[in-house]
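The values are calculated or read from the model by the stated rules, or taken from the named source; none is laboratory data. Remember, predicted model here, so these are calculated numbers, not experimental data. Positions of Cβ are generated from backbone atoms using ideal geometry, with glycine treated the same way; all protein chains shown enter the neighbour counts. When the accessible area is computed, the model is the full protein with side chains, heavy atoms only, and any ligands, DNA or RNA have been set aside. Shrake-Rupley method; radii C 1.70, N 1.55, O 1.52, S 1.80 Å.
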Amino acid sequence: MVLPIRMGWRHLLFASWPLEPETVASHLPSDLEPDTYEGQAWLSVVPYRNVDVRPRGVPAAAGFSLPELNLRTYVTCDGEPGVYFFSLDAQGLLGTVGARFFHHLPYYYARMTFRSADGGIRVTSKRLHPGERPVLFDATYGPTGPEFTPEPGSRAAFLTERYRFYTEDPAGRLRYADIDHDRWTLHEADVTIRENTLFRANGFAAPAGEPVCYYSPGTDIAATRCRRWR
C-alpha cells in the first residue's frame, strides 16, 4: 500500500473448508507455510461489503464503498501468522486496477450485487477482468443463533482473528501489511451457495463436504502500508 488506509468491513461470511496442508503449500510463495488447525490447512471464501475506504486521516464521508469477494488461506512466515489471498474480486474497474498496481494484491474486476434477501444477504459476482479466468459466485447467507466472540485457540478464532496479510510484488518479493481491528463478533451462519467457481479459477479442486460457516456484522479496519518482508 502506498498509504495506510482505513475502511469498514460489513456483513461478512467466512465459509471455510479443510484441506491437506500439502495441497495448499503447492500454491504458496516459497517463503510462506500453511498454518494449520488440528492438522488441516483451510481455504475460506469471504464475501462482504467494504465501506468508507480512504487513507488514514481522511474523514469517512470522503471514502468509497464496494462489494468484495476473496479466496484466502492461513499462513505463517518465520512464525508470524497471517492471511494469503489467492484472489480478490471487487466491483469498480479503476479501483481494482489501482489496488493491483499500488497494493500488490491480486484484485480482479467483477460485476457484483450485494443486497438484503430472505432475511439475510445475497451476493452475486461475475468476474470480468480482461484476460483472466472467469469466476461465478452466487450465495445467500445470514446469522443464526446468538452472537459470540471466539475464544483464543478455537477454530473460529483461527479462521477469523488474523492481523497481517502477505502478498507478492510483480518481482516476486514477499510483502506484508499489518491490520488492526477489534475482535470479531460472530454468529453461526445459515448459507446457501448456488454457484462457486473460485476454487477452479485458482487451481484447486472443489473441496469435499460442507464448509464451516460464520457470519459477522462487521468491524472497522486500519491497515499499515504494504512493506517488503525482511
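Structure data summary
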{"read-out": "Failed condition for Val45, given (1) open to solvent by 70 Å² or more (accessible area, probe 1.4 Å); (2) modelled with pLDDT of 90 or more; (3) not in a loop (DSSP other than H, G, I, E, B)", "value": "(1)"}
{"read-out": "Of all residues in the stretch 216-230 being of a type outside the set (A, V, I, L, M, F, W, C) and surrounded by fewer than 17 Cβ atoms within 10 Å (Cβ to Cβ), the one that is nearest to Glu161 (Cα to Cα)", "value": "Thr219"}
{"read-out": "The stretch 1-26, residues that are open to solvent by less than 70 Å² (accessible area, probe 1.4 Å), β-branched (Val, Ile, Thr) and closer than 27 Å to Pro55 by Cβ", "value": "Ile5"}
{"read-out": "Residues (of a type in the set (Gly, Ala, Ser) and outside any loop (DSSP other than H, G, I, E, B)) located in the stretch 57-75", "value": "Ala60, Ala61, Ala62, Ser65"}
{"read-out": "Positions within the stretch 144-192 being at pLDDT below 95 and out of contact with any strand residue (DSSP E or B) (no Cβ under 7 Å at 6 or more places or on another chain), in sequence order", "value": "Pro170, Ala171, Gly172"}
{"read-out": "Selection count, the stretch 116-143, where residues are modelled with pLDDT of 95 or more and surrounded by fewer than 17 Cβ atoms within 10 Å (Cβ to Cβ)", "value": "3"}
{"read-out": "Unique match (being closer than 24 Å to Asp169 by Cα, in contact with a Gly (Cβ under 6 Å, 6 or more places away or on another chain) and in a strand (DSSP E or B)) among Arg54, Arg6", "value": "Arg54"}
